[in-house]
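The values are calculated or read from the model by the stated rules, or taken from the named source; none is laboratory data. Remember, it's a predicted structure, so these values are computed and weren't measured experimentally. When we count neighbours, we look across all protein chains shown, and the Cβ atoms used for this are built from the backbone with ideal geometry, even at glycine. Calculation scope for accessible area: heavy atoms of the full protein, side chains included, ligands and nucleic acids excluded. Shrake-Rupley method; radii C 1.70, N 1.55, O 1.52, S 1.80 Å.
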Amino acid sequence: MAGSKATADAIRKHLPMDERLEQHHQLNGLLRHMAQWRGTVLGNSYVRQHGLTIYSGPFKGMEYLDHSTEGCLLARLLGCYEAELHDDLKAFAGENLEAIVDIGCAEGYYAVGLARMMPGVTVHAYDTEPRARASCRDLAEKNGVADRVVIGETFTGDMFETFTDRRTLVMIDTEGFEEDLMRPETWPALARLAIIMETHPEKHPDIVATMLARFTATHDILLRSTGPRTADLPGWLLELPQLDQLLAIWEHRATATPWFVMRPKGWSAAA
């Protein structure tokens, strides 16, 4: 198994430094490698049992890929990925959206999932990585929504204006680049768009305060924090040790990544 070899190689790099293994970051690194390996093993078991069909959650029934371009695969397949946002996604599905802009779409979990969830919506998905765009295209075709998932490469701030003529939700997860792109003083069109934004305090420690300062005047803001969760697990996984159940829903996050859920002031759900 390729994942086993990669994990073993990573651990071997740590072992010659055994005098440093008592250091917190060294032990934490080893633990992450082994937990990711175990998650891959559990993911392979899921695929043998269920194929690539998402098991539960807002995207239940979506046919997925056998890989993710970043982060965990199994939590996506189980349907518990970023469960903190599930209620918000369901709410937006009832708010007569016309377009979704997914900036940093990766392999298309949200781009395709939301296209399936909202049949009247066109999703504009952007990612700078060619592999991510190819995977997103494959996923859209696999789920019969390729005609409503428009894939692009680089999203720039001036492009926000092109979506203000329709009810639009912007989803952004750009691993820290949100600090540069989400600037309403530079791109006033942001004031008229609904937004779900993942932030990355490990790269910008003051990002939450910064975004509150930028958007409080124009948006009603809900802040969602990463937290403990439960998930609807298949029977075979419930029979495994509790640690396996915890690793199955682990999303490989090294730190908390708070989300902003923002609607323009005066936004009406029934518009």
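Taking the criterion of being assigned to a loop (DSSP other than H, G, I, E, B) and open to solvent by 60 Å² or more (accessible area, probe 1.4 Å), the residues of segment 157-177 that qualify are Asp165, Arg166, Glu175, Phe177.
With respect to the stated conditions, Ile195 is of a type in the set (Val, Ile, Thr), surrounded by 14 or more Cβ atoms within 10 Å (Cβ to Cβ) and under 26 Å from Lys90 (Cα atoms). Total residues in segment 95-122 satisfying the condition of being of a type in the set (S, T, N, Q) and outside any loop (DSSP other than H, G, I, E, B): the figure is 1.
Every test in (1) surrounded by 15 or more Cβ atoms within 10 Å (Cβ to Cβ); (2) farther than 16 Å from Asp88 by Cβ; (3) touching a residue at least 60 places away in the same chain (Cβ under 8 Å) is passed by Gln245 save one, and that test is (3). Close contacts from segment 161-175, counting a first residue that is farther than 15 Å from Ile103 by Cβ and a second that is open to solvent by less than 10 Å² (accessible area, probe 1.4 Å) and in a loop (DSSP other than H, G, I, E, B), with Cβ to Cβ under 7 Å and a gap of 6+ residues or different chains, come to Thr164/Leu193.
Glu70 satisfies every condition listed in (1) at pLDDT 95 or above; (2) within 19 Å of Trp259 (Cα to Cα); (3) open to solvent by 40 Å² or more (accessible area, probe 1.4 Å) except (1).
Being within 23 Å of Glu198 (Cα to Cα), within 14 Å of the chain's Cα centre (by Cα) and exposed (fewer than 14 other Cβ atoms within 10 Å of the Cβ) is a description that applies to Arg253.
For segment 208-228, check the following and say yes or no: at least one residue is open to solvent by 30 Å² or more (accessible area, probe 1.4 Å), of a type in the set (Asp, Glu) and part of a loop (DSSP other than H, G, I, E, B). No, segment 208-228 contains no residue that is open to solvent by 30 Å² or more (accessible area, probe 1.4 Å), of a type in the set (Asp, Glu) and part of a loop (DSSP other than H, G, I, E, B). From the list Cys80, Cys136, Cys72, the lone residue that is touching a Phe, Trp or Tyr at 6+ places or on another chain (Cβ under 8 Å) and either over 19 Å from Val170 (Cβ atoms) or hydrophobic (A, V, I, L, M, F, W, C) (or both) is Cys72. Based on this model, can you work out whether Ala125 counts as open to solvent by less than 10 Å² (accessible area, probe 1.4 Å), part of a strand (DSSP E or B) and touching a strand residue (DSSP E or B) at 6+ places or on another chain (Cβ under 6 Å)? Spelling it out, Ala125 is indeed open to solvent by less than 10 Å² (accessible area, probe 1.4 Å), part of a strand (DSSP E or B) and touching a strand residue (DSSP E or B) at 6+ places or on another chain (Cβ under 6 Å). Of the residues making up segment 220-241, those that are farther than 23 Å from Glu95 by Cα, modelled with pLDDT of 95 or more and not hydrophobic (A, V, I, L, M, F, W, C) are Pro234, Gly235, Glu239, Pro241.
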